[in-house]
Amino acid sequence: MIKQVWQKQALPSEEYASKALPQIMNTSDLTMVFMMIMFFINNPVGTAGAGAVSFTYWIIGAVVFFIPCVIATAQLGSMFPYEGSTYNWTHKALGGFWSLFASVSYWVPGVLGMVAGAGIGVTFIQGLHTGWLAEPWQQGLLLIGFLLFSAFLSTQRLRIVLNIVKVVMLLTWAVIALLGLAAIVWLLTGHHSATNFAETRDWAITPGTFGLFGTVTLAYLGADVSLNMGGEVTTRKAIPRHLLIGGIGVIVCYLIVTLSLLVVQGADAANVGPFAIIALIDQVFGKILGNIAAVCVIAFFPIFTTVLNCSFARLLMVTSIDRRLPIGLGRLNKNRAPANAIIFQTLVAIVFVLLAFLAPYVIAFTKPADLANEVFTISLSALTLMWAISTSFLFVDLAVLYFRDRQFFRQHLIVPMPILWICIIVAPVACVLAIVVTLYYSPIPQLIGNNQWGYLVGGLTAGCLVIAAVASMFATSEAAWQDQVGTNDIQWIDGSNRNNRPLQ
């Protein structure tokens, strides 16, 4: 009987979310959200500098990490389709402390991912004119503007946000199709490919390209983010469906963009930076189409920031409802959005922007632009490693839940057990290798050498994990004390949605 407690005892947040939030997200909505989170059109630019072997790394990363993450997420989401994804699943498997530790390690990188996404949007705007946003303070102010916009949009009805996401993703797909067409037109008009694909040695992995494994693997993080809103889906079947469709779409899009860059620009794309995407379209089709594509690409990033804001606010909401965090973070506004959580994490992101982009002007021992770049890159790299560690809980949860109640687990299997075991073994190993490689190779060697980089990022990552562990222990002990004194009763916040129905 003890082994079945985990599946019979529902968290307060599970009941609350099913009554207070509208179940409106269908397969199409989830797929669009998933692809927006998982696909960054600029990611292949950094790998293109290695030539044809970048294809090898994108495929290997997908096989050993991304696909296992998608399968694990689909399995856990099908068994437990509730708000909070990793938080809820880890609570079922490992209990309160580890669920909160995994959530903190998951939430902090997610919130600062809002800053990273907005930052890439700023980079594309800079590419439109060499004199625009040259100073860090200018970049910081625009980032804050993006964050405030995302906070406003995130507090609106979810259906409004989802409709905007669909439009922006369609524009993004149009740009991807244009990139694929550009490669074809380039070759048909008599130009030679900028990359030699015929040499088999150019596809081979060598020590000089090991750094790409970390870059590609960590680019595939986030398969479970869409299911932070898992309690708002219309049907359980939408969970594996959107992961299947979206997973295939993400891999195909990365390969198309990589191929286009290698055919038209070759290794020079990496020297141009993210704006190489637009420069490629300019080169093949001219400035008019290039400018239209630039607008479409720039529009992606504030909406991406909004999606992360919506998603990770749900994580704060469920942990607060379960009294792991202040209960006010679970309060909904009239649009059924966790407004307090959205405002709180937006303020956290703004504080980070102020520290990274404006504080360097106070510190005079180096150029503000260089210091801002160093602080921003080190912080995001450390938090990406935290995200990778939290992702490993997907596979730990699967193993623990299987051994705890094999009958229940097998009743909800969506893939054969041998495939699931391969995922449980292979993906964490790939994750560890990606972390090690990331610590060994600095993305800004002109500012921070490889040796110094490993100590800085590794030390910051370890410090953040210690803080997350201490915070989790404190919150868990506080929740236990509240249970003893009888103060852990959950009150419905701002009513409930009477039109909701159980998932089928």
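Contact annotation: residue pairs with Cβ atoms under 6 Å, 6 or more positions apart or on different chains, pairing a residue in the stretch 19-44 that is touching a residue at least 24 places away in the same chain (Cβ under 8 Å) with a partner that is of a type in the set (Ser, Thr, Tyr) and surrounded by fewer than 20 Cβ atoms within 10 Å (Cβ to Cβ), are 19/496; 20/496; 23/234; 26/234. For the stretch 292-304, state whether one or more residues are within 30 Å of residue 58 (Cα to Cα) and without any contact (Cβ under 8 Å) to a residue 24 or more places away in the chain. The answer is yes; a qualifying residue exists. Here the condition is being of a type in the set (Val, Ile, Thr), crowded, with 17+ Cβ neighbours inside 10 Å and more than 20 Å from residue 383 (Cβ to Cβ); of 426, 396, 415, 437, it holds for 396 alone.
Restricting the stretch 351-367 to residues that are aromatic (Phe, Trp, Tyr) and surrounded by 12 or more Cβ atoms within 10 Å (Cβ to Cβ) leaves a set whose member that is modelled with the highest pLDDT is 352.
Among 348, 318, which is the only one that is assigned to a helix (DSSP H, G or I), surrounded by fewer than 23 Cβ atoms within 10 Å (Cβ to Cβ), at pLDDT 85 or above and not small (Gly, Ala, Ser)?
348
For the stretch 153-208, filtering for residues that are assigned to a helix (DSSP H, G or I), within 30 Å of residue 431 (Cβ to Cβ) and either of a type in the set (S, T, N, Q) or modelled with pLDDT under 95 (or both) leaves 8.
Taking the numbered list (1) over 21 Å from residue 380 (Cβ atoms); (2) at pLDDT 80 or above; (3) not hydroxyl-bearing (Ser, Thr, Tyr) in turn, residue 454 passes all entries but (1). Against the conditions (1) in contact with a helix residue (DSSP H, G or I) (Cβ under 8 Å, 6 or more places away or on another chain); (2) among the hydroxyl-bearing types (Ser, Thr, Tyr); (3) surrounded by 15 or more Cβ atoms within 10 Å (Cβ to Cβ); (4) farther than 25 Å from residue 91 by Cβ, residue 377 satisfies every one except (1). Taking the criterion of being β-branched (Val, Ile, Thr) and under 12 Å from residue 392 (Cα atoms), the only residue of the stretch 88-111 that qualifies is 90.
Taking the stretch 209-252 on its own, how many of its residues are assigned to a loop (DSSP other than H, G, I, E, B) and buried (at least 19 other Cβ atoms within 10 Å of the Cβ)?
Step one: filter the stretch 209-252 for residues assigned to a loop (DSSP other than H, G, I, E, B), giving 210, 220-224, 234-237.
Those still in the list that are buried (at least 19 other Cβ atoms within 10 Å of the Cβ) too: 220-224.
Looking only at that region, the number is 5.
Entry remark, the stretch 292-335: residues being over 16 Å from residue 152 (Cβ atoms), among the charged types (D, E, K, R) and over 15 Å from the mean Cα position of the chain (by Cα) number 4 in total. Close contacts from the stretch 191-212, counting a first residue that is without any contact (Cβ under 8 Å) to a residue 40 or more places away in the chain and a second that is of a type outside the set (Gly, Ala, Ser), with Cβ to Cβ under 7 Å and a gap of 6+ residues or different chains, come to none at all. From the list 144, 120, 160, the lone residue that is farther than 18 Å from residue 353 by Cα and hydrophobic (A, V, I, L, M, F, W, C) is 160.
Scanning the stretch 380-419 for residues that are among the charged types (D, E, K, R) and touching a Leu at 6+ places or on another chain (Cβ under 7 Å) yields a single hit, 397. Considering each of 484, 407 in turn, give the residue that is over 27 Å from the mean Cα position of the chain (by Cα) and either modelled with pLDDT of 85 or more or under 27 Å from residue 381 (Cβ atoms) (or both). Just a single option satisfies the conditions, and that option is 407.
Of all residues in the stretch 339-352, those that are closer than 16 Å to residue 113 by Cβ have Cβ atoms under 7 Å from Cβ atoms of residues that are of a type in the set (Val, Ile, Thr), 6 or more apart or on another chain, in 342/155; 345/111; 348/111; 349/111; 349/115; 350/144; 352/115.
Of all the listed residues (14, 83), the sole one being under 28 Å from residue 473 (Cα atoms), surrounded by 24 or more Cβ atoms within 10 Å (Cβ to Cβ) and among the charged types (D, E, K, R) is 83. Within the stretch 157-174, residues that are touching a residue at least 60 places away in the same chain (Cβ under 8 Å) sit with their Cβ atoms under 6 Å from residues that are aromatic (Phe, Trp, Tyr) and part of a helix (DSSP H, G or I), at 6+ positions apart or across chains, in these pairs: 168/300; 172/300.
Could you tell me whether residue 430 is among the small types (Gly, Ala, Ser), out of contact with any Phe, Trp or Tyr (no Cβ under 6 Å at 6 or more places or on another chain) and either modelled with pLDDT of 90 or more or part of a loop (DSSP other than H, G, I, E, B) (or both)? Judged against the criteria, residue 430 is not a match.
For the stretch 132-181, enumerate the residues that are of a type in the set (Gly, Ala, Ser) and surrounded by fewer than 20 Cβ atoms within 10 Å (Cβ to Cβ).
Restricting attention to the stretch 132-181, the residues satisfying the condition of being of a type in the set (Gly, Ala, Ser) are 134, 140, 145, 150-151, 154, 174, 177, 180.
Once the filter is applied, which keeps residues that are of a type in the set (Gly, Ala, Ser) and surrounded by fewer than 20 Cβ atoms within 10 Å (Cβ to Cβ), the stretch 132-181 yields 134, 145, 174, 177, 180.
Every test in (1) under 30 Å from residue 199 (Cβ atoms); (2) in contact with a Ser or Thr (Cβ under 9 Å, 6 or more places away or on another chain) is passed by residue 63 save one, and that test is (2).
The values are calculated or read from the model by the stated rules, or taken from the named source; none is laboratory data. Everything numeric here is computed off the predicted structure, so don't read it as measured data. Every residue, glycine among them, receives a Cβ derived from its backbone with ideal geometry; neighbour counts consider all protein chains shown.
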